[in-house]
Amino acid sequence: MTASLKSRFGKCAICGDQLIRELLAIREPDRFERHLGVARDGYLRRWVECSGCGAVTNVYPEGVIESLESLASGYYEVDFKSSTIGQKYAVVMSLPPERSDNAHRVGRIRSFLEEWRSIEGGAKSRAIDIGAGTGVFLSRFLQVTARDGQVWSAVAVEPDPVAAEHLRGLGQFSVRQEVFSGKSGLAGFDLCTLNKVIEHLADPVWLLHEASSALNPQQGVLYVEVPAKETLFHRPSDDNILGALHRHLYDVVSLNAAISRAGLVVMRIERLYEPSGKISIAAFAVRPEAAEARSRKGAA
């Protein structure tokens, strides 16, 4: 039984162990697959758990993943078919803080930064948001930090042309329309964020490693937020979080494993129950030299 499952589902992209236990079967193509013409008859997609780190991997019917990869440059044209990206931005930005996942995210990050490093009024700091999407995070973050007398500049990295055009129109930060890599020349940032990004990637460890190159080696902080695998048991099977565009779902152990394999040191990691009802995992990590410097400072 175990041997057949091993050969059937393959290895985990996060830790390299075997994918062995099917947790959920999806028998209907989602809206992105339907847009691409994926047939309903005989459709079967599986969420399968790793025997090592516990991450859950999306295992696709033959040929589907190749079709989905062709959607990369047109994601928002499908996602916001009944509205515009600007309308989505306006709705999220207008939510009261107690109902906004994004406002809570900004608060979490600001709280960690206050503990991690002293930011004096007037001091200049730099942030980079990889996979910036609608821009709600950077917009809220810059508004709140400016209100507190902090001076932040920011870069939004977003490969989707529709989203990048929208981000440029906000006029609040610089925009790089590209897939981020360590060769992008973007480095020395005090904060780097990956908000609901790495779950879309076949090789999340690669992007985490590349993102580490963007950090200020001595004090830069990486914030990573991903959907939790508990979603499998608490949301309907047609929920967007369980859709075809998500390659992995995480728990605390598996996200810690991915970040550690990328050569970073996890400083804090937790499960979140967000105002929207989403269940997420969030982590703060730094480069090893920053963790060592903090350890020496604490021992002094």
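Structure above, values below:
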read-out: Verdict on ARG34 being over 29 Å from ARG261 (Cβ atoms), more than 24 Å from the chain's Cα centre (by Cα) and modelled with pLDDT of 95 or more; value: no
read-out: Filter result for the condition that a residue is free of Cβ contacts under 8 Å to residues at least 60 places away in the same chain and either out of contact with any Leu (no Cβ under 9 Å at 6 or more places or on another chain) or of a type in the set (A, V, I, L, M, F, W, C) (or both), over PHE189, PHE173; value: PHE173
read-out: Residue count, the range 61-72 (criterion: out of contact with any helix residue (DSSP H, G or I) (no Cβ under 8 Å at 6 or more places or on another chain) and part of a loop (DSSP other than H, G, I, E, B)); value: 4
read-out: Test result for VAL266, over 20 Å from ASP30 (Cα atoms), touching a residue at least 60 places away in the same chain (Cβ under 8 Å), of a type outside the set (Asp, Glu) and surrounded by fewer than 21 Cβ atoms within 10 Å (Cβ to Cβ); value: no
read-out: Selection within the range 149-170 - free of Cβ contacts under 8 Å to residues at least 24 places away in the same chain and under 18 Å from the mean Cα position of the chain (by Cα); value: ALA164
read-out: Subset of the range 38-88 (residues that are crowded, with 17+ Cβ neighbours inside 10 Å, at pLDDT below 95 and acidic (Asp, Glu)); value: ASP79
read-out: Exclusive hit being assigned to a strand (DSSP E or B) and out of contact with any Phe, Trp or Tyr (no Cβ under 7 Å at 6 or more places or on another chain), set VAL92, VAL175; value: VAL175
read-out: Some residue of the range 231-246 being touching a strand residue (DSSP E or B) at 6+ places or on another chain (Cβ under 8 Å), under 30 Å from LEU95 (Cβ atoms) and in a strand (DSSP E or B); value: no
read-out: Selected residue [touching a helix residue (DSSP H, G or I) at 6+ places or on another chain (Cβ under 8 Å), at pLDDT 95 or above and farther than 20 Å from GLY169 by Cα] from ALA132, ALA103; value: ALA103
read-out: Selected residue (only one of ALA202, ALA228, ALA257 is of a type in the set (A, V, I, L, M), surrounded by fewer than 17 Cβ atoms within 10 Å (Cβ to Cβ), within 23 Å of SER51 (Cα to Cα) and under 17 Å from the mean Cα position of the chain (by Cα)); value: ALA202
read-out: Identity of the residue in the range 178-200, hydrophobic (A, V, I, L, M, F, W, C) and part of a loop (DSSP other than H, G, I, E, B), that ends up nearest to SER139 (Cα to Cα); value: VAL197
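The values are calculated or read from the model by the stated rules, or taken from the named source; none is laboratory data. The model shown is predicted, which means the values in this text are computed figures rather than measured ones. Here the Cβ is made from the backbone with ideal geometry for all residues, glycine too, and neighbour counts use every protein chain on show.
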